Every structure is written in C-alpha cells, then in structure tokens.
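Below is one structure, written out as structure tokens, with a few remarks after it.
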Amino acid sequence: MAAKKDKGGMESLRTDVQALAEAFWNFRDAMLTDVAAQQAEQQRVGAVSPGGWLAPDEALVQSSAALMNALAQPQRLRMAMMLAEGPTSVASLVEGLGLKTSGAAYHHLNVLINNGIAVQQERGTFSIAPEAVGQVTSLLVALFGSADASAEGGKKKKK
C-alpha cells in the first residue's frame with residue numbers, strides 16, 4: 001500500500017516539476033521578447049551604428065563586459081550553458097563539468113552570481129538570473145549557433 005502512495009507521490013512531484021519547468025521557459029521566452037522589443041525601440045529611435053548594430057548605452061557596455069569577463073573561463077562558460085538549459089543542482093554541475101568537489105562548483109557559481117549571471121533559486125539549485133537571460137542566450141547563440149542551425153548541419157536559415 002505504501003508503494004502505491006510513493007508511486008503516486010512521485011508522479012505528482014514529476015508533474016509539478018514539469019509544470020514548473022514549462023513556466024520557467026515561458027518566462028524566459030517572455031524576457032527574450034521584451035529584450036527584442038527594447039532593441040526594436042532603440043532601432044526605431046535611430047540608435048543604430050554605421051555597422052548596423054545597436055549603439056548601446058554605457059550601462060549596457062559595462063554589464064556586457066562583466067558578462068564576458070565572467071564567462072571567459074571555460075568551466076564558467078560550460079556552467080552557464082548548463083544553467084541556460086534550466087535550473088541545475090550543484091551535484092549536477094559537479095558531475096556534468098567533471099569537477100572534483102562541490103567547492104569548485106561554488107567557486108565558479110560565486111563569480112557568476114556576483115556578476116548577475118546566476119541566481120540561487122533554492123538551496124543547492126541555480127539558474128540564469130532573469131535579467132541576464134537575454135544577454136546570456138544571445139552570447140551563447142553568437143558563440144555556438146542556434147538549435148535551428150545545428151539541426152541543419154550548422155547552416156544558418158536563409159531569410
């Protein structure tokens with residue numbers, strides 16, 4: 001009888017986790033949409049450089065430099081990629097990155113947290129900070145391409 005209750009409880013927990021993950025990704029998509037809307041507004045106002053990219057304000061330049069500095073270390077870049085896929089536990093980071101201790105993971109996480117890239121959702125579980133989702137995702141796509149490009153053998157879609 002207890003086994004049936006445990007199985008039902010686990011299934012309920014699994015459903016709750018899936019719903020939470022879906023809510024997170026919906027929130028992430030909304031954040032990316034907001035960033036795109038802000039960029040479109042900047043373009044409309046005429047803040048585009050001669051090279052065709054948006055001319056950022058000083059605060060964006062500073063935050064972008066901090067982001068790139070924090071992610072310049074390979075383990076932290078890999079960590080950001082894992083966190084960008086969804087909330088991740090320290091144990092998963094240690095295993096996925098081949099770190100020897102959780103202390104090493106926390107060392108890298110502290111750098112990401114101090115630079116506004118990661119946040120601790122609950123004890124031992126981290127994710128990309130909501131305000132950094134757009135920048136981190138854009139940087140990862142710029143560095144490694146999009147899932148769409150990977151599915152087509154690395155070729156970008158024609159517009």
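The values are calculated or read from the model by the stated rules, or taken from the named source; none is laboratory data. The structure displayed is predicted, hence computed values, not measured ones. For neighbour counting, all protein chains shown are included, and Cβ atoms are generated from backbone atoms with ideal geometry for every residue, glycine included.
A few points about this structure:
- Of the residues making up segment 20-30, those that are within 18 Å of residue 88 (Cβ to Cβ) and either hydrophobic (A, V, I, L, M, F, W, C) or in contact with a Cys (Cβ under 7 Å, 6 or more places away or on another chain) (or both) are 20, 21, 23, 24, 25, 27.
- Options 54, 93, 77: the member that is closer than 26 Å to residue 138 by Cβ, surrounded by 14 or more Cβ atoms within 10 Å (Cβ to Cβ) and modelled with pLDDT under 85: 54
- Whichever residue in segment 116-133 is buried (at least 19 other Cβ atoms within 10 Å of the Cβ) and of a type outside the set (Gly, Ala, Ser) and, among such residues, is modelled with the lowest pLDDT: 133
- Yes/no for residue 136 being assigned to a helix (DSSP H, G or I), crowded, with 17+ Cβ neighbours inside 10 Å, of a type in the set (Val, Ile, Thr) and at pLDDT 85 or above: yes
- Once segment 112-124 is narrowed to residues that are under 15 Å from the mean Cα position of the chain (by Cα) and part of a helix (DSSP H, G or I), the residue that is farthest from residue 143 (Cα to Cα) is 113.
- Top-ranked residue of segment 105-134 - restricted to ones that are of a type in the set (A, V, I, L, M) and without any contact (Cβ under 8 Å) to a residue 24 or more places away in the chain, ranked as farthest from residue 64 (Cα to Cα): 119
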